[in-house]
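Have a look at the structure below before the remarks.
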Amino acid sequence: MINVKGTLAVLTGGGDCPGLNAVLNAVVKAALGHGYQIYGIENGFNGLIRNRMKLLTYDDVSGILPRGGTVLGTTNRDNPFKFAHVEKDGSITYTDESETILKNLTKRGIEALIVIGGDGSLAIGAQLSRECGVKVIGVPKTIDNDLSCTERTFGFDTAVATATDAVDRLHTTAESHHRIMILEVMGRYAGWIALHSGVAGGADVILIPEISYRIDAVAGKILKRQQEGKMFSIIVVAEGAKPEGGQMTVARIVKDSFEPVRLGGIGNKLAQELEEITGIEARCTILGYLQRGGSPTAFDRVLCTRYGVAAIEACIEGNYNVMVSLRNDSIVTVPLAEAGAGARAVSVDNELVKAARDIGISFGDEV
Ligand code: F6P
């Protein structure tokens, strides 16, 4: 490109999420349209360390808007400040690769880096800006919707739509077989996906990490329904839900990941316990990665486009070290340091929690 106004770079980090490609589509088209050139970095911070990047063109993003995944690739393992090397004997050593990153950015004349990621990637972005002087713009991604400083992360709406569809399907089979049907959804330490899909799907019980449940209260709700002639029940449980005085259920530990704990398994535990207490057959479906795959909803596509364009606007204005964010349906920017710090949980007096209680949905703390 002749007379470029500047050079930018973009990466997608953390777990994949519907809408990543829609953001890339907007970022690249807005950057090129404003006369900038932009590098796409492969596999998140890994590609930045390994110098794997290429200049993106209109062709690279043509047709990707509705596609799930990310054409750049991603990883939720690599932290450049604590880059893990797994040795043959399974032991792990760590190195600080922030200097390598700086070198790779400088070599190509990259003035600003757009990080599309969740709290882990945004915290790394904030550290890069604070400690190494890299100019970073964050875009809030995660199906979990658990980022502070924004009302909505992209990907959440699509995950909720997928989970709601699953609840609808479980309803008909639960009704036919007079069973308890449990749907375990993702969300890490926050119950946003369970809350929204549970309400949208008309669940009888919603269990979220923010409200510890009592198994006798959950069973009581199911037995009460049975007495009222409702021979089936639907439970949506967040992977991070836990009983009063108990712990979250851990599925695995990913040793070399910067967030090693992976939750999962609570749904099957619940099915067994509820079957024993109520005598009603119970089955569990773990929705898993279906929530992260597939085409983004129209809402997410629009949000991604707005976020992507706003990220480029921030670069043009020299408004660095910020994250683009949704506030009262407007796109604003917030300090990156605040955005990457601390998760946004469902508050117990959340308006949707109250509404759900008002229509008889139990959160397992009362029948
Ligand atoms: O943060 C997104 C998310 O899908 C969480 O809901 C889930 O707990 C986690 O990622 C799973 O991570 P992994 O892809 O490493 O199994």
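Each value in this text was obtained by applying a stated rule to the coordinates, not by laboratory testing. Given the structure is predicted, the values throughout are model-derived calculations rather than measurements. Glycine also receives a Cβ, built like all others from the backbone with ideal geometry; neighbour counts cover every protein chain displayed.
Structure notes:
- Of all lysines in the structure, those lying under 30 Å Cα to Cα from residue 224, and not within fewer than 8 positions of it along the same chain, are 242, 269, 354.
- Exposure proxy for 225, 169, 301: other Cβ atoms within 10 Å of each Cβ, ordered fewest to most, give 169, 225, 301.
- For the listed peptides 146-156, 357-367, 233-243, 69-79, a ranking on the average number of other beta carbons within 10 Å per residue, highest first, reads 233-243, 146-156, 69-79, 357-367.
- Relative intensity, log₁₀ I(q)/I(0), of segment 194-304 from a Debye sum that treats every alpha carbon as a point, q = 0.22, 0.23 Å⁻¹: -1.29, -1.36
- For segment 26-45 versus segment 194-261, the gap between their alpha-carbon centres in whole angstrom: 41
- Amide N proximity, segment 13-38 versus residue 289 label position 7 Å along Cα-to-Cβ, cut-off under 11 Å: 16
- Rg followed by Dmax, in Å, when segment 3-143 is reduced to its Cα trace: 14.8, 52
- Cα-based convex hull volume of the chain per residue, rounded to whole Å³: 140
- Straight-line cross-link partners of residue 103 among the aspartates and glutamates, defined as a Cα under 19 Å from its Cα and at least 8 positions apart when in the same chain: 42, 78, 111, 131.
- Bridgeable lysines around residue 88 (alpha carbons under 18 Å apart, same-chain partners fewer than 8 residues away excluded): 255.
- Taking the square roots of 5 times each eigenvalue of the Cα gyration tensor of segment 1-82, largest first, gives ellipsoid semi-axes of 22, 17, 8 Å.
- Most mobile of 255, 135, 107 in a GNM of the chain (Cα contacts under 10 Å): 107
- Springs join every pair of Cα atoms under 10 Å in this Gaussian network model of the chain, and among 277, 124, 266 the largest mean-square fluctuation is at 277.
- Among 98, 197, 121: highest mean-square fluctuation, GNM of the chain, C-alpha pairs under 10 Å: 98
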